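The values are calculated or read from the model by the stated rules, or taken from the named source; none is laboratory data. If you're wondering where the values come from, they're calculated on a predicted model, not measured in any experiment. Backbone-built Cβ (ideal geometry, glycine too); neighbour counts: all protein chains shown.
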Amino acid sequence: MTGAGNWTYLIPGSSPVLIDAGVGRNRHLDALAAQVAEGPALVVVTHAHPDHISGAPALAARWPRCRFAKRPWPERDAPVPWERLEDGDRVPSSDGDLLVVHTPGHAPDHLALWHAESRTVFSGDLLVAGSTVVIPASHGGSLTAYLASLHRVAALGPERALPAHGPAIDDPAALIADYLAHRAQREQQVLDALHAGAHTVEAIAARIYPELTAALLPQAHDSTRAHLQKLLDEGTVRHEAGRWYSSR
């Protein structure tokens, strides 16, 4: 699910900042040491999914003075001492402050970091070039929150996004517009499936993703749940005895 892997971003200087912790591989730690022998002074984790946070203990073991910061998700946070980050906090770096922007949806603790001077957003898993973002409804994901996060980041007017997966995004506004259009289209497909007589997550997903491989079905089911939950919150659908129905 991480494609070719995931990126971490190092901002060097007198107090180096690392964005995301990786997964603890020695080659990642060695690459960091080649750039900053003393290691990062601060590691900011965008959210507590394993590919972003599980490397924190390895970083702490190699550089005991390293500090770690994120928005809390206690049941998922790795076992290192965490400093709490909240929306609107600022993270100092050698290139200027990074503004913490809470962007839930993909995960409840998800945050982005906004560098106003360069109009660059470190976007974590909010955006991925050439792909959509999974909203794991059964594991803390919320499509309603995710769409609000997209609008919030778009309002910043970013000129570049540095995501945790895939290449840099040079036109974030266009990608966000595509994402919003795609989600609206998918929502209509969910409603069409309900009207056609599909009343379970599995049946709805089978109509929307007819050629999906078995390995990807759990993600398709979770995406369908995310859309249904949004529609339920809005009063557009109802859920009765494990089955879903249109309210219109």
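Let's see how each residue does on (1) touching a Phe, Trp or Tyr at 6+ places or on another chain (Cβ under 6 Å); (2) over 22 Å from Thr224 (Cβ atoms):
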{"site": "Asp95", "(1), (2)": "no, yes"}
{"site": "Leu99", "(1), (2)": "yes, yes"}
{"site": "His102", "(1), (2)": "no, yes"}
{"site": "Gly105", "(1), (2)": "yes, no"}
{"site": "Trp114", "(1), (2)": "no, yes"}
{"site": "Arg119", "(1), (2)": "no, yes"}
{"site": "Ala129", "(1), (2)": "no, yes"}
{"site": "Ile135", "(1), (2)": "yes, no"}
{"site": "Gly140", "(1), (2)": "no, no"}
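For region 165-175, the criterion of being over 24 Å from Ala112 (Cα atoms), at pLDDT 95 or above and of a type in the set (Asp, Glu) is met by none of the residues. When the strands (runs of 3 or more DSSP E) confined to region 46-122 are screened for residues that are surrounded by 14 or more Cβ atoms within 10 Å (Cβ to Cβ) and in the same structural domain as Ala31 (by TED's automatic domain parsing), those reaching at least 3 such residues are found at 67-70, 98-102, 111-115.
With respect to Leu143, determine if the residue is over 19 Å from Asp20 (Cα atoms) and either under 11 Å from the mean Cα position of the chain (by Cα) or buried (at least 19 other Cβ atoms within 10 Å of the Cβ) (or both).
It is true that Leu143 is over 19 Å from Asp20 (Cα atoms) and either under 11 Å from the mean Cα position of the chain (by Cα) or buried (at least 19 other Cβ atoms within 10 Å of the Cβ) (or both).
Scanning region 200-220 for residues that are under 19 Å from Ala241 (Cβ atoms) and surrounded by fewer than 18 Cβ atoms within 10 Å (Cβ to Cβ) yields Thr200, Glu202, Ala203.
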